[in-house]
């Protein structure tokens, strides 16, 4: 996983005394402007995080309606990460913590089939942003 320069700069600003932070803040603002314009950088944290259309309630509803329960009686969550691209599309879906082969594959399928998100922004520039999500498998709700 890449270390995000933005996060390092932010940590540096917080840990320095106030007199030096002003000087570094000016430099880091210029650096952040150039970083925000880099087309292939993926950010873990941006000023405005990506959003599923309709917000969190719509995301929960989408996952509940579109997730198919595997035949096995398995309950739990699959944790995944993915990238919300500048156009809102989803890419680079990866299992962070799986449950079973069937559940993992179903979680990947449902995430890849999501509608486009509202992309995140940094310095008023649309960015590629990394997201983490949990897909629940529960025989009681299906």
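The values are calculated or read from the model by the stated rules, or taken from the named source; none is laboratory data. Model, not experiment: these values are computed from the prediction. For neighbour counting, all protein chains shown are included, and Cβ atoms are generated from backbone atoms with ideal geometry for every residue, glycine included.
Tabulated data for the structure shown
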{"item": "Near pairs, Cβ below 6 angstrom, 6+ apart or cross-chain, from segment 70-95 (not assigned by TED's automatic domain parsing to the domain that holds residue 131) to any residue that is not in a strand (DSSP E or B)", "result": "none"}
{"item": "Candidate set: segment 118-134, residues that are touching a helix residue (DSSP H, G or I) at 6+ places or on another chain (Cβ under 7 Å) and in a loop (DSSP other than H, G, I, E, B); chosen: the one surrounded by the most Cβ atoms within 10 Å (Cβ to Cβ)", "result": "127"}
